[in-house]
Amino acid sequence: MGPCECRYYLRLDDGSVECQLCPHHCHIGNSKTGICRSRRNHDGVLISEVYGKLCSLAIDPVEKKPLYHFHPGTACLSLACTGCNFRCLNCQNHEISQVAPAEVDYYKLSPEEVVSLCKKHHCPGIAYTYTEPLTYLEYIIDIAKLAHEAGLWNILVSAGYVCQDPLKDLLPYLDAANIDLKSFSDDIYRKVSGGHLQPVLNTILAMRDAGVWVEITNLVIPGINDDMKMIQEMCQWLKENNLADAPLHFSRFFPRYKMSQLSPTPVQTLKAAKQIAEEAGIRYVYLGNV
Ligand code: SF4
Ligand code: SF4
């Protein structure tokens, strides 16, 4: 098992390709990779260079994802391949998310081997997490199908930046997801993460419509996305879109990576966000990293 041909791309006349997996729609010249560093154009064929290469593998409590209302008290086999289609200045996993697959050690595991490992360790589910799992969607779908056949859950922990058609291929196999809603401002998405807000909202809505259990995480960064009016607008949007019962996790920021000059989020700020969310009608609001 090795690199596999990507499922979501177009071949262009000049030998380049257009990746259609995420809203970046990278145009990739021969022998180059897209923004996520893991999908490379090999002579007009787009290849997922991370397929089957796990840079992280662990057993975590499901609450660590965080998922608080999805089979609490259980554990999940948690795995990651390198890469992410965002460039968050505060990334806490940049050693694996902002690198190419060849830059780190990895375990080679086929989808069958991942499922066997999960069963061997008596975990009821598999979590695709730590980096951006949607950038290696082909591998996830192959694992997730086998996992369902074996009676295991599939859990996605993601920033949700993906195109709708590829997402639809995953949804039938997805049981739960925690989606990082980084702010409710396109401008902040652009400046802090290098992406846009609307595709993330579309992902949340598609998951809701598909019956996936969704929980939302909002990391509150002081001076960046801690405007309470914006947090209120976010909560209002969740409420208006029948997501008042989706648990909302306000998470505390600690200085890291390219935001190491900032201070940790005051706990008071998180409490204020919680109050606003509850007043807006969000039923289950939690504070994380406190
Ligand atoms: S998945 Fe990667 S290569 Fe494809 S469009 Fe997104 S960033 Fe670009
Ligand atoms: S989405 Fe997550 S993994 Fe990707 S850069 Fe942002 S914080 Fe890091």
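The values are calculated or read from the model by the stated rules, or taken from the named source; none is laboratory data. This one's a predicted model, so the numbers in the text were calculated from it and none came from an experiment. Here the Cβ positions follow ideal geometry from the backbone for every residue, glycine too, while neighbour counts run over all protein chains shown. Surface accessibility is based on the protein's heavy atoms, side chains included, excluding ligands, DNA and RNA. Shrake-Rupley method; radii C 1.70, N 1.55, O 1.52, S 1.80 Å.
Observations, loosely collected:
- Search result, residues across the range 160-179 that are within 16 Å of ligand 1 (Cβ to nearest atom) and within 15 Å of the chain's Cα centre (by Cα): 160, 161, 162, 163, 164, 166, 167, 170
- Of all residues in the range 104-134, those that are of a type outside the set (Ser, Thr, Tyr) and within 15 Å of ligand 2 (Cβ to nearest atom) total 5.
- Any hit, the range 164-183, residues being more than 13 Å from ligand 2 (Cβ to nearest atom), crowded, with 18+ Cβ neighbours inside 10 Å and part of a loop (DSSP other than H, G, I, E, B): yes
- One residue from 103, 113 being of a type in the set (D, E, K, R), within 27 Å of residue 25 (Cα to Cα) and either without any contact (Cβ under 8 Å) to a residue 12 or more places away in the chain or open to solvent by 20 Å² or more (accessible area, probe 1.4 Å) (or both): 103
- Residues that are open to solvent by 50 Å² or more (accessible area, probe 1.4 Å) and hydrophobic (A, V, I, L, M, F, W, C) occur at least once in the range 148-158.
- The condition of being over 17 Å from the mean Cα position of the chain (by Cα) and away from ligand 1 (no atom under 14 Å from the Cβ) holds for residue 72.
- Test: residue in the range 90-104 that is assigned to a strand (DSSP E or B) and closer than 18 Å to residue 128 by Cα: no
- From 36, 55, 91, residue being in contact (Cβ under 8 Å) with a residue 60 or more places away in the chain and within 12 Å of ligand 1 (Cβ to nearest atom): 36
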